[in-house]
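**Q** Below is one structure. I have some questions about it.
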Amino acid sequence: MNTGICPKCNGTLARPCPDNMREYGISHGWFGYRAADDTVPCDNCGAQKMFSSATGVVPFRNDNGMPCLHEYEGQKIGNCLHRYTCKHCGDRHEIDSGD
């Protein structure tokens with residue numbers, strides 16, 4: 001699979017920390033927060049997947065050949081299992097919520 005630099009983090013593996021994550025998660029060590037630069041792991045190039053880390057690269061979009069800024073569509077495929085597929089590049093991952 002051909003890949004390019006992630007358009008969300010520009011290959012840095014991190015993105016600015018959203019206010020809602022800072023407010024609710026930092027005091028508990030959630031979200032991989034880094035106080036030194038006020039960032040969290042990029043959720044476009046890998047950190048959105050179970051047990052994965054940001055990689056700095058993403059697949060190219062099928063329609064324009066540019067690195068993908070994912071838009072996932074979810075589908076329930078089991079009792080607590082959901083599959084998410086990007087509507088632009090076909091990238092896919094599954095999350096087991098354990099509910």
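Just so you know, all these numbers are worked out from the coordinates, no wet-lab data involved. Just so we're clear, the structure is a prediction, and the values are computed from it rather than from any experiment. Cβ atoms come from the backbone with ideal geometry, glycine included; neighbour counts cover every protein chain shown.
**Q** Could you work out the helix-only [θ] at 222 nm for the chain, with each DSSP H run of four or more residues adding -39,500 (n - 2.57) and the total divided by the number of residues, to the nearest 500 deg cm²/dmol?
**A** That comes out to -2000 deg cm²/dmol.
**Q** Suppose the chain between Met21 and Asn64 were pulled fully straight at 0.36 nm per residue; how much longer would it get relative to their current alpha carbon spacing? Write out the running numbers ahead of the final one.
**A** Values: separation 43, 0.36 × 43 = 15.48 nm, distance 3.25 nm.
Stretched fully, the Met21-Asn64 segment lengthens by 12.2 nm.
**Q** Just want to confirm a number: the relative contact order over the chain, from Cα pairs under 8 angstrom separated by 6+ residues, in percent.
**A** About 25 percent, as a whole number.
**Q** About the Cα centre of the chain, how large is the charge dipole given +1 on each Lys and Arg Cβ and -1 on each Asp and Glu Cβ? Please answer in debye to the nearest 20.
**A** The dipole of the chain has a size of about 220 debye.
**Q** How much net charge surrounds Arg61 when only other residues with a Cβ under 14 Å from its Cβ are counted (Lys, Arg +1; Asp, Glu -1)?
**A** -1
**Q** Between (i) 2.85; (ii) 1.09; (iii) 1.15, which entry matches Cα Rg over 2.2 N^0.38 Å as derived from the coordinates of this structure?
**A** Computed from the coordinates, Cα Rg over 2.2 N^0.38 Å corresponds to (iii).
**Q** Between region 73-87 and region 37-72, what is the C-alpha centre distance in whole Å?
**A** About 17 Å separates the Cα centre of region 73-87 from the one of region 37-72.
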